[in-house]
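Here's the structure, in structure tokens; my notes come after.
The values are calculated or read from the model by the stated rules, or taken from the named source; none is laboratory data. Small disclaimer: the values here were computed from a predicted structure and weren't measured. Counting neighbours? That spans all protein chains shown, and the Cβs are built from the backbone with ideal geometry, glycine included. With ligands, DNA and RNA removed, areas are computed over all heavy atoms of the protein, side chains included. Shrake-Rupley method; radii C 1.70, N 1.55, O 1.52, S 1.80 Å.
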Amino acid sequence: MAQTLTIRPARRDDLGALDLMMARSFPVLLKDDYPPSVMVTAVPLIARAQPGLLRSGTYFVAQEEEGALVGAGGWSLTDPHDGERQRQTGHIRHFVVDHGRARRGIGRSLMEQVVRQAGALGVRRLAAMSTRSAVPFYEAQGFTALEEVEMPLRPGIGFPAVRMIRALK
């Protein structure tokens, strides 16, 4: 029997469940595209829910009918890497799907919610910093890869990512 999936705004009390899902899923989803050094140093830093996003109103969770959170993702007007804000550019934030439920339309459903909300607020384009593993997902959602970059996480620790962009209609 197929599960009913609900996309809803994230809440503060989702933090623990999201942390668990991210800690379980990021290592599995990324292991084929990153060396062990990145998996040990950088992945634990990115595989954590961000409390500020949970309060933003622009970050969403995918919840199955029995209550399990199986995905999350959102956007912001503020670029998370340089703090700049551009009125017509939205920045994709912290997309993840439970590794045991990948390729079932959960990420697509989250992205559709992001595109609807951002477009309704006048956003003309979405920018994403994708993991190498997620590039095919973003391309399927209409994004174009621009360049590979190193995202600084902490002094001496960076994370290789791919800068991507998508125009909204």
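Being in contact with a strand residue (DSSP E or B) (Cβ under 6 Å, 6 or more places away or on another chain) and not small (Gly, Ala, Ser) is the filter; apply it to the range 112-126 and report the residue that is most open to solvent (accessible area, probe 1.4 Å).
The extreme case among them is ARG125.
What are the residue pairs meeting all of these: first residue in the range 126-138, first residue on the phi < 0 side of the Ramachandran plot, second residue of a type in the set (S, T, N, Q) and open to solvent by less than 20 Å² (accessible area, probe 1.4 Å), Cβ atoms under 7 Å, and 6 or more apart or on different chains?
ALA127/THR89; TYR138/SER130
Quick test for you: out of ARG85, ARG103, ARG93, ARG108, pick the one residue that is open to solvent by 30 Å² or more (accessible area, probe 1.4 Å), at pLDDT below 95 and under 13 Å from the mean Cα position of the chain (by Cα).
When all the criteria are applied, what remains is ARG93.
Given the conditions (1) more than 15 Å from the chain's Cα centre (by Cα); (2) open to solvent by 50 Å² or more (accessible area, probe 1.4 Å); (3) in contact (Cβ under 8 Å) with a residue 24 or more places away in the chain, which single one is not true for TYR34?
Tallying (1) more than 15 Å from the chain's Cα centre (by Cα); (2) open to solvent by 50 Å² or more (accessible area, probe 1.4 Å); (3) in contact (Cβ under 8 Å) with a residue 24 or more places away in the chain, TYR34 fails exactly one: (2).
Which count do you get for residues in the range 141-160 that are open to solvent by 30 Å² or more (accessible area, probe 1.4 Å) and farther than 24 Å from VAL114 by Cα?
Final tally of qualifying residues: 7.
If you check GLY73 against the conditions, is it out of contact with any Ser or Thr (no Cβ under 9 Å at 6 or more places or on another chain), of a type in the set (Gly, Ala, Ser), closer than 26 Å to ALA118 by Cα and in a loop (DSSP other than H, G, I, E, B)?
no
Conditions (1) farther than 14 Å from THR131 by Cα; (2) open to solvent by less than 20 Å² (accessible area, probe 1.4 Å); (3) among the β-branched types (Val, Ile, Thr), marked per residue:
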{"residue": "LEU18", "(1), (2), (3)": "yes, yes, no"}
{"residue": "LEU30", "(1), (2), (3)": "no, yes, no"}
{"residue": "VAL38", "(1), (2), (3)": "no, yes, yes"}
{"residue": "ALA62", "(1), (2), (3)": "yes, yes, no"}
